[in-house]
Number of protein chains: 2
Amino acid sequence: MSKPIRILGIDPGSRITGFGVIDWHGREPVYVASGCIKTLPNDELAGRIGMIVRGIGDLVAEYRPNQAAVEQVFVNVNPAATLMLGQARGAAVAALVLRDLPVYEYTALQVKQSVVGQGKAAKEQVQHMVVQMLGLSGTPQADAADGLAVAITHALRSQGLARQLGGLSIKNGRLR
Amino acid sequence: MSKPIRILGIDPGSRITGFGVIDWHGREPVYVASGCIKTLPNDELAGRIGMIVRGIGDLVAEYRPNQAAVEQVFVNVNPAATLMLGQARGAAVAALVLRDLPVYEYTALQVKQSVVGQGKAAKEQVQHMVVQMLGLSGTPQADAADGLAVAITHALRSQGLARQLGGLSIKNGRLR
């Protein structure tokens, strides 16, 4: 891959949506940005959805990623919480789709396996490895770290597939 | 109210999102349009979300409603189905918010009480009353009828509140 791929990773949540942007040159991920979109807990649905869909739209406009990776939501046992999480996730993916970004999904298990090396890793281990892999001087907030982790997962898995395919670029294709 | 309010009612679903558009002059609802946005069951998440967010965006562009009413999703016992429904709903509300439409929510109970007069009404009774109230010559598809029913619910409840407030217009305000 001659030109770097810029990846926007998103960890959707009903209250906090974490994001991370990295550049991927084919060897190691390079940190670009990370942070959180926080919704107001007492706000009505339209207000919360608006924060997420506009917030992610702004990120895409500012950082111009080529691809997006979204963490697959843990299916909670509480139906109301699951519905809220689904709504946040729907708004996040809507913002990406409206900007014509290819969207890839990864489960929390896949993220932990890719970043830490094993699926049962604790949240702190994911944060630690994100700091190590990107050579950060400080530890990002947990949701921002999850956004970076899913972006790194996409980078590493894209490369893995590209190797299996004999080094073909996956820049304009979809992995699954 | 001198000028009619155009209301877009939406009944979100992971496979079929029903919609109905009515004009409300303060006395009786007038039918404008109704139909469904169907997603492809085997499509990936981004494809399904894209169908909904673009489909509703197109409806707003075509019919130019002043207000939108969305049915509150039944919280299913199956977490995966609840998550899917939440995602569809998040995408639908995102499309409305991005077009700067005020969004009102009504539960299925409120819709049945407003349209049929009692909360335990069957789906067929809702369809029947929508046909009666709008003077339709045929029966709309079930999801389209639900879209019309939530639009009618918003019209009737807006009027009720306006009366309570001494006839104030609610056009630019929010009910709750």
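Summary table
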| quantity | calculated |
| --- | --- |
| Estimated vicinal HN-Hα couplings, Hz - the stretch B:3-11 in sequence order (Karplus 6.51, -1.76, 1.60; Gly, Pro = x) | 9, x, 9, 9, 10, 9, x, 10, 10 |
| More than 26 angstrom apart: percent of Cα pairs within the protein assembly as shown | 52 percent |
| Across A:Lys38/B:Lys123; A:Lys38/A:Lys112; B:Lys38/B:Lys112, pairs whose alpha-carbon gap is larger than 27 Å | A:Lys38/B:Lys123 |
| Under 5 Å, built H, 5+ apart or other chain: amide partners of A:Thr107 | A:Gln72 |
| Label spacing, shortest first and in nm, from A:Thr139 to its equivalents in the remaining copies (7 angstrom along Cα→Cβ) | 6.2 |
| Span-like helix ranges in chain A, DSSP H, alpha carbon extent 30 angstrom or more, Kyte mean at least 0.0 | A:142-164 |
| Position A:Gly117, label points 7 Å along Cα→Cβ, spacing to each other copy in nm (shortest first, one decimal) | 7.2 |
| Highest-MSF residue in chain B out of B:Pro12, B:Pro41, B:Pro79 [GNM, Cα springs under 10 Å] | B:Pro79 |
| Virtual paramagnetic centre 7 Å along Cα→Cβ of B:Leu40, amide N under 19 Å, in the stretch A:79-109 | A:94, A:97-105 |
| Value of [θ]222 nm, deg cm²/dmol, for chain B, DSSP H segments ≥ 4, -39500 (n - 2.57) each, nearest 500 | -15500 deg cm²/dmol |
| Max mean-square fluctuation residue, GNM over chain B, Cα-Cα springs under 10 Å, options B:Ser137, B:Ser34, B:Ser158 | B:Ser137 |
| Distance in nm between pseudo-label sites at A:Ala33 and A:Arg99 (7 Å out along the Cβ direction from Cα) | 0.8 nm |
| Shielding score for A:92-103, defined as the mean number of other chain Cβ atoms within 10 Å | 6 |
| Chain B: C-alpha gyration tensor shape, a/c 1.5 cut-off, then a/b vs b/c | prolate |
| Straight-distance crosslink candidates among aspartates and glutamates, where the alpha carbon sits under 18 Å from B:Lys3 and sequence neighbours closer than 8 are dropped | B:Asp23, B:Glu28 |
| For chain A, built as a Gaussian network whose Cα springs stay under 10 Å, the top-fluctuating residue of A:Leu45, A:Leu96, A:Leu134 | A:Leu45 |
| Position B:Leu156, label points 7 Å along Cα→Cβ, spacing to each other copy in nm (shortest first, one decimal) | 5.7 |
| Averaged over B:42-54, number of beta-carbon atoms from partner chains that fall within 10 Å | 5 |
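Read the figures in this text as sums done on the coordinates, not as results from a lab. Please read these numbers as outputs of a predicted model, since none were measured by experiment. In this analysis, Cβ positions are derived from the backbone assuming ideal geometry, glycine residues included, and neighbour counts consider all displayed protein chains.
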